[in-house]
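**Q** Structure incoming, see below.
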Amino acid sequence: MDEAHEDRRDGAQVSTGTPAETEDATTPELVIISGMSGAGRSTAAKCLEDLGWFVVDNLPPALIPTMVDLGARSQGNVARIAVVVDVRGRRFFDNLKQSLIDLDAKEVTRRTVYLEASDEALVRRFESVRRPHPLQGDGRIVDGIAAERDLLRELRGDADLVIDTSSLNVHELRAKLDAQFAGEEEPELRATVMSFGYKYGLPVDADLVVDCRFLPNPHWVPELRPFTGLNEEVSGYVFNQPGAKEFLDRYTELLQLIAAGYRREGKRYVTVAVGCTGGKHRSVAMSERLAARLSREGVETVVVHRDMGRE
């Protein structure tokens with residue numbers, strides 16, 4: 001009898017696989033790229049492809065486990081797979097949950113990257129290319145966006161990494177993805193520390209939000225107003241205020257506690273949003289110091305100043 005097959009009485013053969021095949025099979029690492037149409041999925045896919053990932057665009061979710069199985073049989077030639085899943089395959093979208101369950105049962109290392117953007121940014125992008133939203137039907141672009149948000153709500157909640165591209169250009173998005181996926185060795189935890197201005201709204205991709213508005217605002221100091229928190233005099237002014245250094249010390253300790261919990265739960269990414277009124281002085285200075293502290297603690301950290309220069 002062929003050792004790779006088992007005969008059945010009905011004449012059919014069931015493939016059982018040889019011991020050699022089982023030993024050679026290496027399950028590839030998987031990244032699922034999803035999110036809102038117009039938020040940058042194509043850019044994310046191209047970025048990972050440039051980093052050496054095997055990228056499959058618009059794969060029906062039901063076929064994801066099959067794709068992983070094929071990668072496992074490639075004798076290590078396909079070690080990292082990125083799959084773009086979106087509403088273009090909405091007939092198959094209900095199968096995604098079952099596919100994820102199947103992947104978990106196989107103990108596949110997988111991550112989900114969700115790309116987000118504000119309604120205003122998405123409308124502007126669709127109008128600039130004069131293309132309809134894939135879900136708008138006979139309605140407006142905003143109707144399609146609302147339907148898509150509803151469809152993807154659960155996936156967004158379960159995502160490992162959420163990136164808000166509302167204020168990012170293509171190069172900034174690629175830089176952010178490079179920081180997350182370019183390393184050959186996977187660090188225990190990666191962090192993005194993002195300064196922002198409350199008057200421009202909360203970052204939608206923040207895991208944790210810090211409010212620096214309890215500190216005096218350098219905006220009201222005429223000689224400091226033109227500068228940002230990257231300026232040494234501004235930073236010195238912020239951290240000479242009562243409570244600033246103590247806040248940095250204690251919040252760093254809190255993040256150490258949270259980071260340990262994230263590691264235990266298998267969470268690899270965290271975005272800490274640090275806010276002040278305009279996102280120019282206090283939040284920028286605090287973000288820089290906080291990122292430096294996290295880096296010293298062994299957390300790979302990227303700093304983003306969302307609203308600096310926006311005023």
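**Q** Kindly indicate which of Glu223, Glu246, Glu288 is out of contact with any His (no Cβ under 6 Å at 6 or more places or on another chain), in a helix (DSSP H, G or I) and without any contact (Cβ under 8 Å) to a residue 24 or more places away in the chain.
**A** The unique qualifying residue is Glu246.
**Q** Just need a number here: residues in the range 195-234 that are touching a strand residue (DSSP E or B) at 6+ places or on another chain (Cβ under 6 Å) and under 14 Å from Arg310 (Cα atoms).
**A** Total satisfying the criteria: 3.
**Q** Let me ask another. Hey, does the range 181-200 have a residue that's within 11 Å of the chain's Cα centre (by Cα) and either of a type in the set (Phe, Trp, Tyr) or assigned to a loop (DSSP other than H, G, I, E, B) (or both)?
**A** Checked against the condition, which is being within 11 Å of the chain's Cα centre (by Cα) and either of a type in the set (Phe, Trp, Tyr) or assigned to a loop (DSSP other than H, G, I, E, B) (or both), the range 181-200 yields at least one hit.
**Q** Are any of the residues in the range 274-287 surrounded by fewer than 23 Cβ atoms within 10 Å (Cβ to Cβ) and within 20 Å of the chain's Cα centre (by Cα)?
**A** Within the range 274-287 (the criterion being surrounded by fewer than 23 Cβ atoms within 10 Å (Cβ to Cβ) and within 20 Å of the chain's Cα centre (by Cα)), the answer is no, since none of the residues qualifies.
**Q** Which numbered condition in (1) within 22 Å of the chain's Cα centre (by Cα); (2) open to solvent by less than 60 Å² (accessible area, probe 1.4 Å); (3) in contact (Cβ under 8 Å) with a residue 12 or more places away in the chain is the only one that Gly261 fails?
**A** Checking Gly261 against (1) within 22 Å of the chain's Cα centre (by Cα); (2) open to solvent by less than 60 Å² (accessible area, probe 1.4 Å); (3) in contact (Cβ under 8 Å) with a residue 12 or more places away in the chain, the one that fails is (3).
**Q** Another question, then. Please state which one of Gly157, Gly137 is assigned to a loop (DSSP other than H, G, I, E, B) and without any contact (Cβ under 8 Å) to a residue 60 or more places away in the chain.
**A** Gly137
**Q** How many residues are in contact (Cβ under 8 Å) with a residue 60 or more places away in the chain, crowded, with 18+ Cβ neighbours inside 10 Å and over 13 Å from Arg111 (Cβ atoms) when one looks only at the range 160-169?
**A** 2
The values are calculated or read from the model by the stated rules, or taken from the named source; none is laboratory data. Note that the coordinates shown come from a computational prediction; the quantities given were computed from them, not determined experimentally. In this analysis, Cβ positions are derived from the backbone assuming ideal geometry, glycine residues included, and neighbour counts consider all displayed protein chains. Remember, those area values only see protein heavy atoms, side chains included, never the ligands or the DNA or RNA. Shrake-Rupley method; radii C 1.70, N 1.55, O 1.52, S 1.80 Å.
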